1. Using the number of other C-beta atoms within 10 angstrom as an exposure proxy, rank Lys321, Lys433, Lys87 with the fewest first.
2. Sort Ile368, Ile294, Ile185 so the one with the fewest other Cβ atoms within 10 Å of its own Cβ comes first.
3. Identify all lysines with a Cα-Cα distance to Lys131 below 27 Å; exclude those on the same chain that are fewer than 8 residues away in sequence.
4. Can you work out the FRET efficiency for the pair Lys372 and Asn77, with r the C-beta to C-beta distance and R0 = 56 Å, to the nearest 0.05?
5. Mark the label point 7 Å from the Cα of Arg355 along Cα→Cβ and return the residues of the stretch 367-398 whose backbone N is within less than 19 Å of it.
6. Just in the stretch 332-367: which trypsin sites (Lys or Arg not before Pro) are loop by DSSP and have at most 16 other Cβ atoms within 10 Å?
7. Return the sequence-ordered ³J(HN,Hα) values of the stretch 384-389 in whole Hz as given by the Karplus equation 6.51 cos²θ - 1.76 cosθ + 1.60 applied to θ = phi - 60°, using x for Gly and Pro.
8. Given H placed 1.01 Å from N in the peptide plane, which residues other than close sequence neighbours of Lys326 have an amide H under 5 Å from its amide H?
Amino acid sequence: MTKNNIDEVLLIGLPNSGKSSLVNALSRKKVSIIGSTPNTTRDKVSTTIKRNDKVFNISDLPGYLEDPDELNEKFQNKLKAYLNDAKLIMFVIDVHTTNYSGLDKIHSLLQKNINKEQKVITVFNKCENFKKFELNTELYKYIYDSDYYVSSIHKLGTEELMEALTKRISSNTDSIKNTYKSIAIIGKPNSGKSTLFNKLLNEERAIVSNISGTTRDKLEETIQFDSDSYNIIDTAGVPRKKQKNQIDRYASSLAVGQLENSVIAFLVVDAKQGINFEDMRLISECIENKVTPILIMNKWDLLKEEEKLFINKNIASLLKKYSWLKILRISALNGKGVKNLNTVIYELQKQLSTRITTHELNILFREIWTKKPPHPFRGRRAKLKYVTQYDVYPPSFSFILSGRVPINYQNFIDNRLRDTYNFDNICLNIKFKN
C-alpha cells in the first residue's frame, strides 16, 4: 500500500478566516464542514482538483490558535511537516481582522519553514463589500509573492485565484488515472478508524485521540493497493441517532453520505465492544447503497481466547443473513493483520469488475427457471423473458419478468449468481422488473 503524490496547495490562517468555505468554492464541492464556531475543522482536509490539464490536492488546515487545546496542539505540532510537503501555500486572512498577534505568529512560522522553491500567496477573504485600496496598512506586511481579494461565500474572485493556482502547478492529469474508486472507512466513534487510516498511509495523517468524535471532517487520500489506486476516506464516527451537537450530527450524516460514492467500505468495530445495533445499521446502509462492506474487528489482540470465541459466535449469529460478508481481525495500532487488506482488496476488485455475457446468463437462468420455477405470487407464476448484466462495481443484473417473484426466490437467484460466478464476498445489485 503506497500513497500517490501530486502537487499540494495548503491553506493556513486564523480561525474563521474562511479557509473551509474557500476550499469548497475552489473545489466546487462540499469538502470541509463550515460553521460559525471557531475551529470547526480539526484536521487537514484534502481533496483533488482537476482543472484543464492540471491536477493538484488542495488542503484546508484548522485555524491556527495562540492557545491551543489538546486536539489543536496535536495538530499544530505537525504544521512544519505539512508546510514542507506543500508546493504552494495560501495565507488566508479575514480582511476585517484585527488579530495582528495571531497573524504575526503565522507570519513567523512561514518565514522559518518555507524554502526558496515554495511560493506563498496571500488571500484576503470576505471582500464582498471591500475595495483593494481600503486595505488596512497593518496587513501589508503579510503579503508575500502575490495577493488576491475574494469572497469565498459569494464566490467573488475565486476563478481568478484558481487561474493563478493552476499556473503555478506542475503536476498534470497524465501523471494519474482519470478516475479512482473510493473506499470509505466508517464505524462508531473510537473504534480505530483514524488509526487504520494512518497505518494504511504509513504516516500520522489523522489526529488520533481518546476523545470521542475527534475526527469531524472527511479526510481523503489516494493510495495504491497493488496496481490499483483508490481514494480512501476517513470519516467521522457515526454515533447513536440522538446526536445533540449540530456539527457532529452533520459530520455523521456526511460519513454515511460517503457510501453513495464508494465501492467498498471498511466497517471498523472495536472488538472489545463487539457488534451492536449501530454496526448492523451501518451494514444495512452499505448494502442499501450497493457498497461492499468489509467488517474489520479492530483491537483483536486485546481479547482473551474465551472472548474471541464469544465474539465469533456472536458475529456468526448476527450476520447469518450476510454470510458472504468478509471479516478481518486486526490491530490497527501495531499493524497486525493490516497487510491482509491488500489481498482482500485484490480479490474484491476481481469480483466487482466481473462481466458475464447476456447469452451465458440466459442459458443458465432459463434452465434454472425450468427446473425450479418460482412459486406463484398472488396466483400468478412469473415467467423469465430475459436477464442481462448492465454494470459493474458492483455487478448489476436486470431480470425482465412477466410477473412478480417472492422474496425467497429473489434470495435463491442471488445465491445462484454467487455460487456460479464466485461472487464470494461482494454486494450484488439485482433488479426484478415486470
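Every read-out reported here was derived from the displayed coordinates using simple, explicitly stated rules and does not represent laboratory data. Everything numeric here is computed off the predicted structure, so don't read it as measured data. Positions of Cβ are backbone-derived with ideal geometry, glycine not excepted, and every protein chain shown enters the neighbour counts.
1. On the way: Lys321 12, Lys433 9, Lys87 19.
Listing Lys321, Lys433, Lys87 from fewest to most nearby Cβ atoms yields Lys433, Lys321, Lys87.
2. Values: Ile368 15, Ile294 20, Ile185 27.
So the residues, fewest neighbours to most, are Ile368, Ile294, Ile185.
3. Lys19, Lys105, Lys119, Lys141, Lys155, Lys167
4. Details: r = 64 Å, r/R0 = 1.15.
For Lys372 and Asn77, the calculated efficiency is 0.30.
5. 387-398
6. Values: sites: Lys336, Lys339, Lys350, Arg355, Arg366; in loops: Lys339, Arg355.
Sparse-neighbourhood loop trypsin sites (Lys or Arg not before Pro): Lys339, Arg355.
7. Residue by residue, the stretch 384-389 yields 7, 7, 6, 9, 8, 9 Hz.
8. Leu295
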